[in-house]
Amino acid sequence: MRTIDEQGYHFEEWLTPEAIAKDVQQVADIISADYKEKEPLFVVVLNGAFVFASDLLRALKDVRCEVTFIRVSSYYGMRTTGQLQFIVPLQQVVENRDVVIVEDIVDTGLTIHQLKAHLRGLGASSVKVATMLFKPEKLEYDDAKPDYIGHEISEEFVIGYGLDFDGFERNLDAIYKVKE
Ligand code: 5GP
């Protein structure tokens with residue numbers, strides 16, 4: 001089993017690249033079926049979701065779509081700050097668009113809760129959420145439950161496949177879980 005040591009923490013491989021690819025294709029197939037007749041706008045939440053978004057969007061079948069990016073921050077190291085900052089604001093008109101937010105992980109749901117309100121306020125026709133990982137036990141906002149989920153995870157901290165540890169390790173091809 002592959003392992004990573006980062007800033008005194010020990011991580012073990014949890015989802016292999018092959019397992020991730022399977023999850024991504026399953027999500028892509030469902031989104032393809034749901035959005036075949038629509039022209040969705042995918043809003044990718046930087047920085048973490050860029051890897052998942054890249055694989056997900058290329059796995060869609062027969063979906064005419066656009067993609068744009070937004071950058072928010074609510075996490076430092078392994079603790080949430082509870083405060084969402086818009087570092088790169090939305091640069092695309094979302095009025096009357098079917099929006100799909102693409103996230104790396106939904107944890108407390110604060111990010112999605114605030115982003116959904118933001119996008120609805122800008123006049124989006126619909127706002128759904130696709131995420132590689134979801135921590136159902138940690139969800140604090142009912143409206144942040146994702147519509148499309150790659151894999152559920154309990155409360156552990158994970159890195160890789162876009163997910164960072166203080167900015168590092170996003171480029172790992174697998175997802176690693178911290179070991180206490
Ligand atoms: P939420 O707003 O749902 O509490 O947190 C969402 C954000 O927190 C994610 O986009 C991600 O940046 C960060 N996050 C939550 N859990 C983890 C985790 O286990 N690992 C990493 N690297 N980031 C996490």
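With one equal scatterer per alpha carbon and no solvent term, the Debye-computed log10 I(q)/I(0) for the chain at 0.11, 0.12, 0.19 1/Å reads -0.44, -0.53, -1.33.
Under the shape rule built on the C-alpha gyration tensor, where the axes satisfy a ≥ b ≥ c, the range 1-52 is oblate, since a/c reaches at least 1.5 while a/b does not exceed b/c. Against the chain, whose longest principal axis is taken from its Cα atoms, helix 110-121 shows a tilt of about 10°. Using only side-chain charges placed at the Cβ, +1 for Lys and Arg and -1 for Asp and Glu, the dipole size of the chain relative to its Cα centre rounds to 520 debye. In summary, the lysines within cross-link reach of LYS138, defined as a Cα separation below 26 angstrom excluding same-chain residues under 8 places away, comprise LYS22, LYS116, LYS128, LYS177, LYS179. Amide H contacts of PHE165 (H built 1.01 Å from N, in plane; Pro and chain starts excluded): ARG170 sit under 5 Å, all sequence-distant by 5 or more or on other chains. Each Cα pair under 8 Å and six or more residues apart adds its separation to the average, and for the chain the resulting relative contact order is 25 percent. By the rule of a C-alpha distance below 13 Å, with chain neighbours fewer than 8 residues away ignored, the aspartates and glutamates paired with LYS61 are ASP29, ASP34, GLU37, GLU39. Compare GLY123, GLY48, GLY162 in a GNM of the chain, Cα atoms joined below 10 Å, and give the one with the largest fluctuation. Among GLY123, GLY48, GLY162, the largest mean-square fluctuation in the Gaussian network model of the chain belongs to GLY123.
Rounded to the nearest whole angstrom, the semi-axes of the ellipsoid equivalent to the range 79-180, taken from the Cα gyration tensor as √(5λ), stand at 25, 15, 13, largest first. Taking every DSSP beta bridge that has both ends in the chain, the antiparallel portion is near 45%. Comparing ILE153, ILE101, ILE30 in a Gaussian network model of the chain where C-alpha atoms under 10 Å apart are linked, the largest mean-square fluctuation is found at ILE30.
Just so you know, all these numbers are worked out from the coordinates, no wet-lab data involved. It should be emphasised that the depicted structure is a prediction, and the values quoted were computed from it without experimental measurement. Ideal geometry is used to build each Cβ from the backbone, glycine not excepted, and the neighbour counts take in all protein chains shown.
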